[in-house]
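Novice: Quick one: the structure is below, and I'll ask about it shortly.
The values are calculated or read from the model by the stated rules, or taken from the named source; none is laboratory data. Predicted, not measured: the structure shown is a model, and the values here were computed from it. No Cβ is skipped: glycine too gets one built from the backbone with ideal geometry, and neighbour counts run over all protein chains shown. When the accessible area is computed, the model is the full protein with side chains, heavy atoms only, and any ligands, DNA or RNA have been set aside. Shrake-Rupley method; radii C 1.70, N 1.55, O 1.52, S 1.80 Å.
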Amino acid sequence: MLAGMAQKRTTFGLTLSNRALVTGGMRPMEIIDMAAKAEENRAVEAVWVGDSILSKPRLECIPLLGAIAAHTARLRLGVACMATIAQRNPVLLALQWSSLDVLSGGRTWLAACMGYPASQHPMAAKELEVMGIRSKERPGRLEEMIQALRVLWTEDHASFHGKYYSFNDVNLLPKPTQRPCPIYIAGTPRASNIGAEGVERALRRIARFADGWMTNQIELPLFLDYLARLRRMMIDEGRDPDKFKTVLYYGISVNRDRDQAFREAKAFLDAYYLKEFSRPGVEIWTACGPVEHCVESLRGFIGAGADHITIRPIGQNLNEQLKIYLEEVLPALEAEVTS
């Protein structure tokens, strides 16, 4: 626990694999049913879905969350993360997301990110090309989009004039039910990829513009380091760090045989992300093994004060993995929080 931080109770969520409709032959109602099962478990606070347009085809996140909203009454509805936010029109997105917030009774939870650069994968490059976005524009577009959404959601005569987005005197209706409607930024910047200055810029962006930080593929020491730096930056920005929240996105592949659990996780992730994962690349964000191993993998993040941990069950049988998560892993995690 960081010095100066009050003890917080970690909550838990469920990340649904909405790309499994394409990669695993899952039917749309199976995804809805998974959310409904999570609704029945009072320990689950939120359901999350992913986002892309062409790079990783899937059910589009906003209508999917709308369908889930119609079959649930309590769960928060999140995107982890909205990787295409920089490719969207701010006025249209503001209306779509506000409408979802109104229809769901104020349950939305938007985590935005820049998405893959064009160099990451040919389909990422194709997506940016089709949407008319240059890869290097993504950071600036993300920052402007967040500012534009907040203006549209709060002002009756909203105006915004940036480098990428511009509008004047717009009264967007309906406004979101939540005031404010939360926007997190998702990312795990690494100096090995973007240098120390790039990491500093990425963290500063989160501290300046976001209500919270979502991260994945991160080691506990790096999580602690970044969280401490973000809190210091928020003070620099004149913001209250005690209002800043954190979300960890993590996976589980439960099997008594750890090697079999890893093989199933790797096969799933390779197909899902169109890349070849190494064992460390899988296990940095997916606990592969028995229930006890899954709990142990997350114990440090709970102790570090992660506000919310959303779990994605993965493997050959997603329904079976979901059952294990809800009935075995989640009670054990809850015990960690209350002990």
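Novice: Keeping to the range 98-137, report how many residues are over 27 Å from ARG179 (Cα atoms) and part of a helix (DSSP H, G or I).
Specialist: 13
Novice: Among the residues of the range 241-261, count how many are assigned to a helix (DSSP H, G or I), closer than 15 Å to GLU292 by Cα and open to solvent by less than 40 Å² (accessible area, probe 1.4 Å).
Specialist: Residues that pass the stated criteria total 1.
Novice: Could you check the range 313-339 and list, in sequence order, the residues that are part of a loop (DSSP other than H, G, I, E, B), surrounded by 16 or more Cβ atoms within 10 Å (Cβ to Cβ) and not small (Gly, Ala, Ser)? Don't jump to the end; show me each part of the working.
Specialist: Start the filter on the range 313-339 by keeping residues that are part of a loop (DSSP other than H, G, I, E, B), which leaves 314-317, 339.
Now restrict to residues that are surrounded by 16 or more Cβ atoms within 10 Å (Cβ to Cβ): 314-315.
Within the range 313-339, ILE314 is the sole residue that qualifies.
Novice: Just to verify a result, which residue in the range 75-96, among those that are surrounded by fewer than 24 Cβ atoms within 10 Å (Cβ to Cβ), outside any strand (DSSP E or B) and not aliphatic (A, V, I, L, M), is farthest from the chain's Cα centre (by Cα)?
Specialist: Filtering first and then ranking leaves ASN89.
Novice: Counting only residues that are among the charged types (D, E, K, R) and assigned to a helix (DSSP H, G or I), which one in the range 230-240 is surrounded by the most Cβ atoms within 10 Å (Cβ to Cβ)?
Specialist: ARG231
Novice: Also, quick follow-up: Would you mind listing the strands (runs of 3 or more DSSP E) fully within the range 157-229 where at least 1 residues are more than 23 Å from VAL282 (Cα to Cα), in contact (Cβ under 8 Å) with a residue 60 or more places away in the chain and open to solvent by 20 Å² or more (accessible area, probe 1.4 Å)? Before you say what the answer is, go through the steps one by one.
Specialist: Working: elements: 158-161, 166-170, 183-186, 212-215.
Result: 158-161, 166-170.
Novice: Count, please, the residues in the range 101-113 that happen to be crowded, with 22+ Cβ neighbours inside 10 Å, touching a Gly at 6+ places or on another chain (Cβ under 9 Å) and aliphatic (A, V, I, L, M).
Specialist: 2
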